[in-house]
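Asker: This is the structure, below, for whatever I ask next.
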Amino acid sequence: PEDNAEIESFHNSMKTDYIWPYGFRDFQEARKQVEYAFTDYNSVRPHSSIMYLAPEEFRKRWSSDPGFRAEYRKFLEKEKEKKRPGRERGKKMEVKANGI
C-alpha cells in the first residue's frame, strides 16, 4: 500500500495551523490565507524530515555547506533506524522462549 504520511501531515498542518484558527469573512480572505500558508509551509516552517530546519535554510545549507550533506545522511540513517521493525533505540529486541 502507498504511504500518505507526508501529505496527511501537510493537510493536518493546513487545517490546524492556518485554517481553523481563523474566521474568514469571505472567499478572498480565505484564499489569501491559503496562499500565505503555502508560502510559509514551503519556505519558513521547520520540518522534522529535514532536521527541523525551514526549507529555505535547508536548501541554503545543502548547496553551500559541504559537510551538511554528510550530516543529513547521518540524520536520515538515525531516523530510518528508529522506524525499523523489531528495533528499539538501535538494538535488536530479544525473543524469549515460549513468547514470554
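Asker: Check F24, F38 and return the single one that is assigned by TED's automatic domain parsing to the domain that holds A5, surrounded by 11 or more Cβ atoms within 10 Å (Cβ to Cβ) and more than 19 Å from A5 (Cα to Cα). Write out each step before concluding.
Answerer: Numbers: F38 fails: more than 19 Å from A5 (Cα to Cα).
Of the residues listed, the single one that is assigned by TED's automatic domain parsing to the domain that holds A5, surrounded by 11 or more Cβ atoms within 10 Å (Cβ to Cβ) and more than 19 Å from A5 (Cα to Cα) is F24.
Each row is one residue, and each column tells you yes or no for (1) of a type outside the set (S, T, Y); (2) under 30 Å from E81 (Cα atoms).
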| site | (1), (2) |
| --- | --- |
| D3 | yes, yes |
| I7 | yes, yes |
| K15 | yes, no |
| Y18 | no, no |
| A37 | yes, no |
| N42 | yes, yes |
| R45 | yes, yes |
| M51 | yes, yes |
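The values are calculated or read from the model by the stated rules, or taken from the named source; none is laboratory data. Not measured: the values here are computed from a predicted model. Glycine gets a Cβ as well: all are built from the backbone with ideal geometry, and neighbour counts include every protein chain shown.
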